[in-house]
Amino acid sequence: MFMTASAAYAQVGNRNFFDPLITQDPNPSNELDLVPQWIGVAHGQVYALPFSLEKQLRSDFSIQVGNSWGDPSCDKGFVCDSIAPERRGRVRSRHRRSRRLVTRERVLTGFTDLEILTKYAFFTSDEHETRLAFGSDLFLPSGDPTAGGNTHTHIGPILMFAKGFGDLPNHGLVKYLRPFALQGDVEYLFKTGGTRTDDAVADWVFSYSLQYLNDYVRHLNVQPEIRNLVPFAEFTYEQVTAARYAGTPPDLAVLPGIAYVTDAWQVSIATALALNDATVPFDHGAVIGLLSLTLDKIIPGGGWTPF
């Protein structure tokens, strides 16, 4: 069915979708997210703190503003920038793949690009635990290039989706697949100036909700704190395209992790593993966290919408 003005939030039927690390979910919300991370790269390391604030203007529409503070450092004689995995829809730096000799060991600490993302959730099905949304993703070069910022504006469309598997038969071994959920996004970012180097991106995450297993499949005789856990595996794809005929090799990575989800907040932690040779120099090791605060539950009036 198509959505009414009061139908869009992270709950779809019996499914309460968790908040991914990188994948942009299709659920308009009132959230504050902090994504601290460390990543080791060839000849260096990066500390970064992406953050974002999302505000619902209607129950089916939201605007999200994000940025990231980066502190890249590299071995003497090499350049590195803020290339750690960052939340799609919450600022993601483009990669500088060339390494050139320099006379300093540390580049500047600072902010990266300002990101403005719009999200319109246009379809939902409670019966099939499905939501679809589309929007626009805008990166403004307001940060420091030596800390991971870009020098030109990027803008493009983004499609977001979420699907729970609760509509599978509730009998036999198949019923234990019902707590699975899939969320994902696909977008293409156009560079508005300079050399034509666009950015193709796709992210998706599989998760397994122990709370859903307990409530709708089989009762678990465990503490509530255990039922709040959501193990997940998040996959990321990014490729820079140069004009029509060339580009960089794709960056492919997987982020296995676990989340602890409550009504008012969520904490997640994961690592990042390269899935192809081209990604290995940018992913020698990583620790990525997430603190997501649901402002509706924490601040009185935090769920107010003007429309």
Open item on the list: Can you say whether ASN276 is at negative phi and open to solvent by less than 30 Å² (accessible area, probe 1.4 Å), as far as the supplied structure shows?
Closed with: no
Task: segment 143-197, subset closer than 30 Å to ASN16 by Cβ and assigned to a helix (DSSP H, G or I), residue most open to solvent (accessible area, probe 1.4 Å) - done: LEU173
TODO: Just name the residue that is farthest from MET160 (Cα to Cα) out of those in segment 28-76 that are open to solvent by 10 Å² or more (accessible area, probe 1.4 Å) and outside any strand (DSSP E or B).
DONE: LYS76
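Inspect segment 171-182 for any residue being within 27 Å of PHE139 (Cβ to Cβ) and either at pLDDT below 95 or touching a strand residue (DSSP E or B) at 6+ places or on another chain (Cβ under 8 Å) (or both) and give the result as yes or no.
Restricting attention to segment 171-182, the residues satisfying the condition of being within 27 Å of PHE139 (Cβ to Cβ) are 182.
Then keep just the ones that are either at pLDDT below 95 or touching a strand residue (DSSP E or B) at 6+ places or on another chain (Cβ under 8 Å) (or both); that gives 182.
Scanning segment 171-182, I find at least one residue that is within 27 Å of PHE139 (Cβ to Cβ) and either at pLDDT below 95 or touching a strand residue (DSSP E or B) at 6+ places or on another chain (Cβ under 8 Å) (or both), so the answer is yes.
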Open item on the list: Tell me yes or no: at least one residue of segment 1-8 is modelled with pLDDT under 85, part of a strand (DSSP E or B) and closer than 29 Å to ARG178 by Cα.
Closed with: yes
Task: Residue that is nearest to TYR47 (Cα to Cα) [pool: residues in segment 63-80 that are of a type in the set (A, V, I, L, M) and modelled with pLDDT of 75 or more] - done: VAL65
- [ ] Restrict the check to segment 288-301 and report whether at least one residue is at pLDDT 95 or above, open to solvent by 20 Å² or more (accessible area, probe 1.4 Å) and under 22 Å from the mean Cα position of the chain (by Cα).
- [x] yes
TODO: Provide a single number: the residues in segment 198-243 that are open to solvent by 40 Å² or more (accessible area, probe 1.4 Å), more than 19 Å from LEU290 (Cβ to Cβ) and among the polar types (S, T, N, Q).
DONE: 3
Open item on the list: So the check is Cβ under 7 Å with 6+ separation or different chains; which pairs have a first residue in segment 171-191 that's in contact (Cβ under 8 Å) with a residue 60 or more places away in the chain and a second one that's surrounded by 16 or more Cβ atoms within 10 Å (Cβ to Cβ) and hydroxyl-bearing (Ser, Thr, Tyr)?
Closed with: ALA181/SER207; ALA181/SER209; GLN183/THR23; GLY184/THR23; ASP185/THR23
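The values are calculated or read from the model by the stated rules, or taken from the named source; none is laboratory data. None of these values were measured; they are calculated from a predicted model. Please note: Cβ atoms are built from the backbone with ideal geometry, for glycine as well, and neighbour counts cover all protein chains shown. Accessible surface is based on the protein model in full, side chains and every heavy atom, while ligands, DNA and RNA are left aside. Shrake-Rupley method; radii C 1.70, N 1.55, O 1.52, S 1.80 Å.
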